[in-house]
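Quick note: the coordinates plus some simple rules give every number you see, no bench work behind them. Remember, predicted model here, so these are calculated numbers, not experimental data. Glycine gets a Cβ as well: all are built from the backbone with ideal geometry, and neighbour counts include every protein chain shown.
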Amino acid sequence: MNIDGSTVLVTGANRGIGRALVSAFLARGARRVHAAARNPAALEPVVAEAPDRVVPLTLDLTAPATVEAAAEAAPDVTLLVNNAATHAVGHLLDMDLGAVEDVMRTNFLGTLRVLRAFVPVLERNGGGAVANVISVGAFGGTPSLGGYPASKAALHLMTQAVRADLRPRGIAVHAVFPGPVDTDMFDYVVRHEPAFGEFPRVSPAEVAAAMIDGLEAGEEDIFPDAFAAQVEQERRADIKALERRMTGI
């Protein structure tokens, strides 16, 4: 995927990795970046970075009408980055089931909803690429992280399935697996589970840069930081050992 001259849509663009991706795509020569978030007011500082190239979009993964409207408002997209996600900490056997459902509804079904809306857009534009921001959490069911690992594991398998479907249609599908990132979401996790504060964090800007490097290199699975790369090495060497380590956190 050549970023220079491309038109990108980034969901969850108001903060964290999403906001860093907008900046990184601009720096790499993207012609236009559609920055999507549930609250368009939160995108004002993002748009201010390059008002002539950043277009704000209202998009809520759990609200089908906003997804359909976004696809109509951004008919020039050649690269879709599914970054938006939510979290709820707790143990699956006793946490609020509604919170678990919300995580699955957003991270898995919501991402699929966006993908289904934008595949016709990509096809009309001659093909392109999709990048799903997943997590190394997809490789282990950490007990205290509620439905988040399950939602990301589901997204991982969905990414594999649609990759096979979209390859003949000229659309490449990439999976991105960050480790701990210095974001509001990770702060939320640490507040509820202080043990996670011991993990080294990488900046969103570093993740964004490495992710774009991977996209341009055509890597199907992208591990954009040292922690993520180590997890991948462990997964390849002994998947059961990695499972035991992640479920023991």
Within segment 157-172, the residues that are assigned to a helix (DSSP H, G or I) and surrounded by 19 or more Cβ atoms within 10 Å (Cβ to Cβ) are 158, 159, 166
Among (1) outside any loop (DSSP other than H, G, I, E, B); (2) under 23 Å from residue 150 (Cα atoms) - the single one residue 86 does not satisfy
(1)
Search segment 80-97 for residues that are touching a residue at least 12 places away in the same chain (Cβ under 8 Å) and more than 23 Å from residue 125 (Cα to Cα) and pair each with any residue that is acidic (Asp, Glu) and not in a loop (DSSP other than H, G, I, E, B) when their beta-carbon atoms are under 9 Å apart and the residues are at least 6 apart or on different chains.
86/102; 88/102
Counting only residues that are outside any strand (DSSP E or B), crowded, with 20+ Cβ neighbours inside 10 Å and not acidic (Asp, Glu), segment 215-241 contains a total of 5
Among the residues of segment 65-79, write down those that are without any contact (Cβ under 8 Å) to a residue 60 or more places away in the chain and within 22 Å of residue 129 (Cα to Cα).
66, 67, 68, 69, 71, 72, 73, 75
Collect the residues in segment 123-139 that are part of a helix (DSSP H, G or I), touching a helix residue (DSSP H, G or I) at 6+ places or on another chain (Cβ under 8 Å) and within 23 Å of residue 171 (Cβ to Cβ), keeping them in residue-number order.
123, 138
Is there a residue in segment 128-144 that is surrounded by fewer than 20 Cβ atoms within 10 Å (Cβ to Cβ), more than 17 Å from the chain's Cα centre (by Cα) and of a type in the set (Ser, Thr, Tyr)?
yes
